[in-house]
Amino acid sequence: MWVEYLVSFFILAGAIIALIGSIGLTRLPDFYMRLHGPAKATTLGVGGVIAGSVIFFSTRGDGLSLHELLIALFLFITAPVSAHIAAKAALHLKLDAVERTRNKPWR
Amino acid sequence: MNPDSNPNPVSNAGPIASESPLKPRRWFPHKTLSVYMVIVWLLLNNSISPGHILLGAFLGWLIPWLTQAFWPEALHIRKPLLVIKMAVIIFYDIIVANLILAARILGPVNKLQPAFVKVPLDIDHDFTIALLASIISLTPGTVSADVNKESGYLLLHCLHVVDPEAEIRLVKERYEAPLKEIFEC
């Protein structure tokens, strides 16, 4: 019984974080700020779902199930790289940031 | 076609080829990578049966051995205990970063003060810089946007920062200093 609560907690927490990250895409005003959503929120969002999955499949009696951790590992390697490349491309195109951004590198 | 503006590629190949001579083959070129590959193999198969351990160990030796000419200079972890401590710190920071980010996204968006921050780098190995940039992107309020190795700085975009100097100090003390200690001494 407590396992079900734990699993639902992790999955719900992960889903909420992913949802907030997506809301960030619509609410934040410029490209550089919108990058923060997917770079961070997806990692913890997916991390929460993974934790739920590990607990669910490990407690069904088929032994420990850890291969979900690889998803987290690959995501941790790829998410910052894609965010970095997207930011670098935006800088290259001199994509404008909101007025109040300080230290714009192309001025 | 002007031959002066389009130099013969063969004459350019000389110095590049002599800079990276073929190294003699070693039996265990990347020990850390081999251990890591065995662990990934066992996780992929979701099993720790003796057969998979044997097969994983064989692949963990074979693949680095076959591909060793393509790998850059291997880095040695000098302080394994510090790696664990840093992993815990980063894990904690990722969770905190997400909660802070969630609050900022749902809060008043127009009051955020974004800024670009240049962090001067003390580390100079490609791998450690890539690691630092990844850690920075995953942790509170910052995404790495550009790296310039010649002048040695990392350009970050911060979602909300009041004091850029404090942000630079935080990055250097919390993430760069331990990385330097682990890999470069």
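The values are calculated or read from the model by the stated rules, or taken from the named source; none is laboratory data. What you are looking at is a predicted structure, and each value in this text was computed from that prediction instead of being measured. Ideal geometry is used to build each Cβ from the backbone, glycine not excepted, and the neighbour counts take in all protein chains shown. When the accessible area is computed, the model is the full protein with side chains, heavy atoms only, and any ligands, DNA or RNA have been set aside. Shrake-Rupley method; radii C 1.70, N 1.55, O 1.52, S 1.80 Å.
From the residues in the stretch B:89-116 that are in contact with a helix residue (DSSP H, G or I) (Cβ under 7 Å, 6 or more places away or on another chain) and in a loop (DSSP other than H, G, I, E, B), which one is nearest to the other protein chains (Cβ to nearest Cβ)?
Here the residue is B:P114.
Inside the stretch B:117-141, can you point out the residues that are at pLDDT 80 or above and at the interface with chain A (Cβ under 9 Å from one of its Cβ atoms)?
B:V117, B:K118, B:A130, B:A133, B:S134, B:I135, B:I136, B:S137, B:L138
Within the stretch A:74-85, count every residue that is surrounded by 14 or more Cβ atoms within 10 Å (Cβ to Cβ) and at the interface with chain B (Cβ under 9 Å from one of its Cβ atoms).
Number satisfying all stated conditions: 6.
Here is a check on your reading of the model: is B:P50 loosely packed, with under 10 Cβ neighbours inside 10 Å, under 25 Å from A:S65 (Cβ atoms) and more than 14 Å from every other protein chain (Cβ to nearest Cβ)?
Yes; evaluated as a whole, the condition is true for this residue.
Do you know which residues across the stretch A:30-51 are in a helix (DSSP H, G or I) and farther than 17 Å from B:F91 by Cβ?
Residues satisfying the conditions are A:F31, A:Y32, A:M33, A:R34, A:L35, A:H36, A:G37, A:P38.
Could you figure out which of (1) of a type outside the set (G, A, S); (2) crowded, with 19+ Cβ neighbours inside 10 Å; (3) more than 10 Å from every other protein chain (Cβ to nearest Cβ) isn't true of A:F9?
(2)
Report, by residue number, each residue of the stretch A:91-107 that is touching a helix residue (DSSP H, G or I) at 6+ places or on another chain (Cβ under 6 Å) and either more than 8 Å from chain B (Cβ to nearest Cβ) or on the phi > 0 side of the Ramachandran plot (or both).
A:L95
Please go through the stretch B:117-129 and give me each residue that is in a loop (DSSP other than H, G, I, E, B) and surrounded by fewer than 12 Cβ atoms within 10 Å (Cβ to Cβ), ordered by number.
Correct list: B:D124 only.
Does B:D146 satisfy the criteria of being free of Cβ contacts under 8 Å to residues at least 40 places away in the same chain, at the interface with chain A (Cβ under 8 Å from one of its Cβ atoms) and surrounded by fewer than 24 Cβ atoms within 10 Å (Cβ to Cβ)?
yes
Within the stretch A:49-64, identify whether any single residue is open to solvent by less than 30 Å² (accessible area, probe 1.4 Å) and among the charged types (D, E, K, R), and answer yes or no.
So far as the stretch A:49-64 goes, no, none of its residues is open to solvent by less than 30 Å² (accessible area, probe 1.4 Å) and among the charged types (D, E, K, R).
Just a yes or no: is a residue in the stretch A:22-29 buried (at least 22 other Cβ atoms within 10 Å of the Cβ), without any contact (Cβ under 8 Å) to a residue 40 or more places away in the chain and part of a helix (DSSP H, G or I)?
The answer is yes; a qualifying residue exists.
Just to be sure I understand, how many residues within the stretch A:89-107 are part of a helix (DSSP H, G or I) and either open to solvent by less than 80 Å² (accessible area, probe 1.4 Å) or touching a Cys at 6+ places or on another chain (Cβ under 6 Å) (or both)?
3
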